[in-house]
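Asks: Quick one: structure below, then a few questions.
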Amino acid sequence: MHRPSTFLVLALAASLATAQETSRSGRLFDELAAMDRELFTVAFVDCDVARFKALFTEGAEFYHDRDGAKTGEAVTRLNGCPREQGVRRTLVEGSLEVYPIKDFGAVQMGRHTFTKVGEKGVEIAQFVHLWRYDEGRWRLARVLSFDHRPMTERDQGRASNARP
C-alpha cells in the first residue's frame, strides 16, 4: 500500500487553505461584497428604481421559496420600498462566500436576516447570486433566495461562529 508523502499532504492542505481564503477574501470577494452592499442599499434603503434595474442583466431570473419564479422585467421592478415598511436586511457576518466562474463572472452565497420595526423576532434566509462580469461591470443574472424562516438560537450560534 502506497502512503502519501508528507510533502503531498502539506501541498494539498495549502491548496485547500488557499481555495478557502479565496472564497472569503481577496479582490473578487471584496468586489462582490461591495456589490452585495450596493444591491441591498439600492433595494432596501434608497429604493432607487433606476439603479436597481441597472444592477441586473437582461433576462435576469429570480427564484424565491415563497414568491416563486420571476424573469426579465418582473425581476428588476421594485414593488414598494422596504425601508418605508420598517424592513431591514442584514448580511450575516462571516457567511459571504464568492467563487469565480471562468469566462462569466462569479457565484456569491451567504445568509441574511430581516427585521421589521414593531415586530418581534428575526427571519433568516440563504441566498445564491450569479454575477456576470461584462463590459467592466458586475450585473446579476440569477438570484436564488430560499430557506426563509424564523431565526433560532442555533442560527445565532452559527452566525457567531462564522469565519470573518
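Asks: Please determine whether any residue of the stretch 79-86 is exposed (fewer than 12 other Cβ atoms within 10 Å of the Cβ) and basic (Lys, Arg).
Replies: no
Asks: Within the bounds of the stretch 1-13, is there any residue that is of a type in the set (Lys, Arg), surrounded by fewer than 12 Cβ atoms within 10 Å (Cβ to Cβ) and at pLDDT below 95? Show your work before the answer.
Replies: So in the stretch 1-13, the residues of a type in the set (Lys, Arg) come out as 3.
Now restrict to residues that are surrounded by fewer than 12 Cβ atoms within 10 Å (Cβ to Cβ): 3.
Going one step further and asking which of them are at pLDDT below 95, we end up with 3.
The answer is yes, given that some residue of the stretch 1-13 is of a type in the set (Lys, Arg), surrounded by fewer than 12 Cβ atoms within 10 Å (Cβ to Cβ) and at pLDDT below 95.
Asks: Test of understanding: among 50, 33, which residue is small (Gly, Ala, Ser) and loosely packed, with under 12 Cβ neighbours inside 10 Å?
Replies: Just one listed residue meets the conditions, 50.
Asks: Mind checking which residues of the stretch 43-87 are part of a strand (DSSP E or B), in contact with an Asp or Glu (Cβ under 8 Å, 6 or more places away or on another chain) and without any contact (Cβ under 8 Å) to a residue 40 or more places away in the chain? It would help to see each step written out before you state the result.
Replies: Let us first name the residues in the stretch 43-87 that are part of a strand (DSSP E or B), namely 56-64, 68-71, 87.
Going one step further and asking which of them are in contact with an Asp or Glu (Cβ under 8 Å, 6 or more places away or on another chain), we end up with 57, 69-71.
If the condition is that a residue be part of a strand (DSSP E or B), in contact with an Asp or Glu (Cβ under 8 Å, 6 or more places away or on another chain) and without any contact (Cβ under 8 Å) to a residue 40 or more places away in the chain, then 69, 70, 71 are the ones that fit.
Asks: Out of (1) without any contact (Cβ under 8 Å) to a residue 60 or more places away in the chain; (2) in contact with a His (Cβ under 9 Å, 6 or more places away or on another chain); (3) in a loop (DSSP other than H, G, I, E, B), what's the single condition that is false for residue 114?
Replies: Condition (3) is where residue 114 drops out.
Asks: Here are the criteria: (1) in contact with a His (Cβ under 7 Å, 6 or more places away or on another chain); (2) assigned to a loop (DSSP other than H, G, I, E, B). Tell me which single one residue 140 does not satisfy.
Replies: (2)
Asks: Let me ask another. Quick one: which of 78, 130 is aliphatic (A, V, I, L, M), under 19 Å from residue 52 (Cα atoms) and in contact with a helix residue (DSSP H, G or I) (Cβ under 6 Å, 6 or more places away or on another chain)? Please lay out each step first, then the result.
Replies: Values: 130 fails: in contact with a helix residue (DSSP H, G or I) (Cβ under 6 Å, 6 or more places away or on another chain).
Result of the check over 78, 130: 78.
The values are calculated or read from the model by the stated rules, or taken from the named source; none is laboratory data. What you see is a predicted model, and the numbers here were worked out from it, not measured in a lab. As a convention, Cβ positions derive from the backbone with ideal geometry for all residues, glycine included, and neighbour counts pool all protein chains shown.
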